[in-house]
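Below: one structure, written as structure tokens.
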Amino acid sequence: MTHASFIIAAYGVAAAGLSALIGWLVLDNRAQKRALADLEARGVRRRSDRRPS
Amino acid sequence: MAFIDLANPTRFLAWSARILPWLAGAAVAVLALGLGLAFSAPADYQQGETVRIMYIHVPFAWLSMFGYSMMAASALGILVWRHPLADVAHKAAAPIGATFTFLCLVTGALWGRPMWGTYWVWDARLTSVLVLLLLYLGLMALRAAVDDPSRAGRAAAVLTLVGAINLPIVKFSVDWWNTLHQPASVFRMDGPTIDPSMLWPLLLCAGGFMLLFLALHMFAMRTEILRRRVEALEARAAAEALA
């Protein structure tokens, strides 16, 4: 490997690692939002979110 | 409003929603500027172009320790004040800190091979950073292994505080032992030894990665709060179905 290839590899690994982390965090966030929306659609709500009847 | 009120999970969701886009935007802008300057900075007189790896490796190293320090502070919040947001902050920081530590080790290996002639040596600095990565992974595994989230949080907090002894070892390993890794060149009692033409791009990159870390942590905390609400609602729905 030339020195340039070490630099490219380092930046490539950093970009891939950070992209994977961000992707995982975004997917996890979407999954929780979807699960919460499903529960609310079934009428399961937090007590503080319930409107007085 | 008292400062502690901002740590209420519902209030946290409200104010973090307003701050997060600005934090993420600032991270991208500062990182773009820092990396732009890093590639226009002069090459090192000894290392040549390979010094470009420094602009990512050093911020990853600093933030691997910053992440663990945040978790240690959160561990105190869990054990002393039993604050729910401290537990959320602690859990959310672990995968981010582990990623930054992993990237520190890999970019360090890729810098070490052309400069030292080897990817890895078992010297005190490299080994203590590997121990830091294992601590992050161990804490994540511990939380995953204990069913009761409250017990898992307390156990993880105790392990975090025990593991915090590794932080000064990482920092001072290059002074206490004879290591292949170079000693500190920025945070020194007698001032930085690095030339300003490289120091400023390095500090900007570090600032950008710090903002990115904080943005990701805030985002992960928001997700963790949602996860706990989902789990609480599912448990209540199950209890109501049985009643």
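The values are calculated or read from the model by the stated rules, or taken from the named source; none is laboratory data. Since the model is a prediction, treat every value here as computed from it, not as a measurement. A quick note on method: Cβ atoms are made from the backbone with ideal geometry, for glycine too, and the neighbour counts reach across all protein chains shown.
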Check: Residues in the stretch B:212-225 that are more than 10 Å from chain A (Cβ to nearest Cβ) and either free of Cβ contacts under 8 Å to residues at least 60 places away in the same chain or more than 11 Å from the chain's Cα centre (by Cα) (or both): how many?
Finding: 2
Check: Between residues in the stretch A:1-21 that are within 16 Å of residue B:35 (Cα to Cα) and residues that are of a type in the set (S, T, N, Q), which pairs lie under 8 Å by C-beta distance while being six or more apart or on different chains?
Finding: A:7/B:50; A:10/B:107; A:13/B:107; A:14/B:107; A:18/B:99
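For every residue, the table says whether it meets (1) within 11 Å of chain A (Cβ to nearest Cβ); (2) among the β-branched types (Val, Ile, Thr).
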site: B:36; (1), (2): no, no
site: B:43; (1), (2): yes, no
site: B:51; (1), (2): yes, yes
site: B:55; (1), (2): yes, no
site: B:74; (1), (2): no, no
site: B:80; (1), (2): no, yes
site: B:87; (1), (2): no, no
site: B:94; (1), (2): no, no
site: B:104; (1), (2): yes, no
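For every residue, the table says whether it meets (1) crowded, with 17+ Cβ neighbours inside 10 Å; (2) modelled with pLDDT of 95 or more; (3) over 26 Å from the mean Cα position of the chain (by Cα); (4) more than 7 Å from chain B (Cβ to nearest Cβ).
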| position | (1), (2), (3), (4) |
| --- | --- |
| A:8 | no, yes, yes, yes |
| A:37 | no, no, no, yes |
| A:46 | no, no, no, no |
| A:51 | no, no, yes, yes |
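Which residues, taken from the stretch B:198-236, are of a type in the set (Asp, Glu) and either surrounded by fewer than 19 Cβ atoms within 10 Å (Cβ to Cβ) or closer than 18 Å to residue B:27 by Cα (or both)?
Within the stretch B:198-236, B:231, B:234 meet the criteria.
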Next item on the list: Go through the stretch B:165-211 residue by residue and tally those that are touching a Pro at 6+ places or on another chain (Cβ under 6 Å) and touching a residue at least 60 places away in the same chain (Cβ under 8 Å).
Entry: 5
Next item on the list: Return the residue satisfying two criteria in turn: it lies in the stretch B:142-177 and is under 17 Å from the mean Cα position of the chain (by Cα) and not aliphatic (A, V, I, L, M), and of such residues it is modelled with the lowest pLDDT.
Entry: B:171
Notebook entry, point to check: Filtering the stretch B:84-132 down to residues that are within 18 Å of the chain's Cα centre (by Cα) and among the polar types (S, T, N, Q), which residue is surrounded by the fewest Cβ atoms within 10 Å (Cβ to Cβ)?
Noted result: B:127
Check: How many of the residues in the stretch B:226-243 are over 26 Å from the mean Cα position of the chain (by Cα), at the interface with chain A (Cβ under 9 Å from one of its Cβ atoms) and of a type outside the set (D, E, K, R)?
Finding: 4
